[in-house]
Amino acid sequence: MRAPKLLQQYALQWKSAAKDVLSHSVLFAQFISLLHITDTYICSPTLVYGPSMLPTLNFTGDVLLVDKLSPLLGKVGNGDVVLVRSPENPRKSITKRIVGVEGDTVTFLVDSGRSVRSNSVVVPKGHVWIQGDNIYASNDSRHFGPVPYGLVLGKVFCRVWPPEEFGPLRQ
Amino acid sequence: MSPQRLLFDIAKKYFTTGIVCLTISDRYASFTAVRGSSMSPTFNPHTDSTTGISFDDYVLVEKFCLLKYKFSRGDVVVFRSPSNYKEKNIKRIVGLPGDWIDLPSLDTVRVPEGHCWVVGDNSACSLDSRSFGPIPLGLICGRVTHTVWPPHRIGGLNSRTHALP
């Protein structure tokens with residue numbers, strides 16, 4: 001008479017434990033998904049360093065907030081600072097300024113600092129021309145040509161670190 | 001239970017299901033339809049059939065390859081078109097960075113660092129790297145692993161190395 005009762009109790013315990021685990025894992029999955037959606041479609045922080053954007057961004061490293069929604073809606077234009085997946089190494093992303101969109105004619109110095117020879121190209125359809133603000137130390141479209149719009153990951157709209165320079169970027 | 005409460009509950013359920021599904025399709029795997037006949041022997045083999053009606057093939061696209069961006073020759077990949085970011089194309093990789101590609105116009109081009117050369121299986125009607133050049137690996141958004149529809153062609157994909165024309 002006792003054994004079935006005990007079994008029943010065990011079963012009940014297991015059931016409640018399983019229910020607990022299930023509800024917790026569902027909550028966890030929802031949390032992770034929300035995090036992922038915010039990160040890929042709304043905005044995300046990035047650390048940027050290097051000399052290529054020097055007057056605008058610091059050499060030692062800035063934390064920027066990147067707006068991921070604008071490139072999806074096609075609202076990225078001339079003068080915006082954008083985060084772009086590097087065409088030379090897809091695991092890296094670079095921060096540059098858009099100088100020309102499709103159909104624009106861009107004139108640039110071929111070898112800045114050493115000669116004054118300039119060259120002009122028309123940006124093809126679906127591409128953008130990106131250039132660093134510091135033209136003497138920047139690896140950008142002058143080197144690898146126009147980049148496809150699909151590589152634009154986001155538009156930088158705000159600086160969070162260092163705290164004394166908090167706020168929107170200079171245009 | 002008041003109707004407002006019920007409506008709110010239903011909306012919440014749909015919302016959470018939606019974001020979970022979107023996350024899974026973004027990070028792990030998703031389904032896509034193959035349009036057009038540019039990959040003809042592999043997908044959509046009978047587009048010009050006598051019935052005149054053609055159904056799209058559905059394929060399973062895995063996204064784990066985006067963590068490392070390591071691809072091999074013969075992989076079928078989904079990528080954003082370089083001339084229009086809203087369009088996605090499906091082609092086969094035939095050249096990786098550093099490879100030399102022979103073009104029919106007696107040209108040989110080298111695939112630059114971080115790029116790949118993609119060609120459709122049906123070379124007669126395919127808009128691929130022969131017209132727009134090598135594409136950056138960053139445009140790739142998944143690798144096709146299985147065909148899931150129509151049912152008589154369910155199965156894995158053979159990653160044969162495609163011979164250049």
Considering residues that are open to solvent by 30 Å² or more (accessible area, probe 1.4 Å) and either in a strand (DSSP E or B) or more than 12 Å from chain A (Cβ to nearest Cβ) (or both), the number found within segment B:64-95 is 9
Does B:THR42 meet the test of being under 14 Å from the mean Cα position of the chain (by Cα) and open to solvent by less than 40 Å² (accessible area, probe 1.4 Å)? yes
Could you tell me which residue of segment A:111-137 is nearest to A:LEU57 (Cα to Cα), considering only residues that are open to solvent by less than 30 Å² (accessible area, probe 1.4 Å) and touching a strand residue (DSSP E or B) at 6+ places or on another chain (Cβ under 7 Å)? A:GLY132
Name the pairs: first residue in segment B:61-76 and within 20 Å of B:GLY155 (Cα to Cα), second residue basic (Lys, Arg) and exposed (fewer than 14 other Cβ atoms within 10 Å of the Cβ), Cβ to Cβ under 8 Å, at least 6 apart or on different chains? B:GLY74/B:ARG160
In segment A:70-86, is there at least one residue being at the interface with another protein chain (Cβ under 9 Å from one of its Cβ atoms), under 17 Å from A:GLY50 (Cα atoms), open to solvent by 20 Å² or more (accessible area, probe 1.4 Å) and not in a loop (DSSP other than H, G, I, E, B)? yes
Subset tally (residues that are touching a Phe, Trp or Tyr at 6+ places or on another chain (Cβ under 9 Å) and open to solvent by less than 60 Å² (accessible area, probe 1.4 Å)) for segment A:1-52: 3
For A:LYS5: the one exception among (1) over 23 Å from B:LEU67 (Cβ atoms); (2) within 14 Å of chain B (Cβ to nearest Cβ): (2)
A:GLY145, sole failed condition from (1) touching a residue at least 60 places away in the same chain (Cβ under 8 Å); (2) at positive phi; (3) within 14 Å of chain B (Cβ to nearest Cβ): (1)
Among the residues of segment B:131-146, write down those that are surrounded by fewer than 19 Cβ atoms within 10 Å (Cβ to Cβ) and either in a loop (DSSP other than H, G, I, E, B) or more than 14 Å from chain A (Cβ to nearest Cβ) (or both). B:GLY133, B:THR145, B:HIS146
Go through the residues of segment B:3-25 one by one and say whether even a single one is part of a loop (DSSP other than H, G, I, E, B) and hydroxyl-bearing (Ser, Thr, Tyr). no
Looking at segment A:131-142, which of its residues are part of a helix (DSSP H, G or I) and away from every other protein chain (no Cβ under 14 Å)? A:ARG142
For segment A:87-99: of the residues being touching a Phe, Trp or Tyr at 6+ places or on another chain (Cβ under 7 Å) and open to solvent by 10 Å² or more (accessible area, probe 1.4 Å), which is farthest from A:VAL48 (Cα to Cα)? A:VAL99
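The values are calculated or read from the model by the stated rules, or taken from the named source; none is laboratory data. All values reported here derive from a predicted model rather than from experimental measurement. When we count neighbours, we look across all protein chains shown, and the Cβ atoms used for this are built from the backbone with ideal geometry, even at glycine. Surface areas here come from the heavy atoms of the whole protein model, side chains and all, with no ligands, DNA or RNA. Shrake-Rupley method; radii C 1.70, N 1.55, O 1.52, S 1.80 Å.
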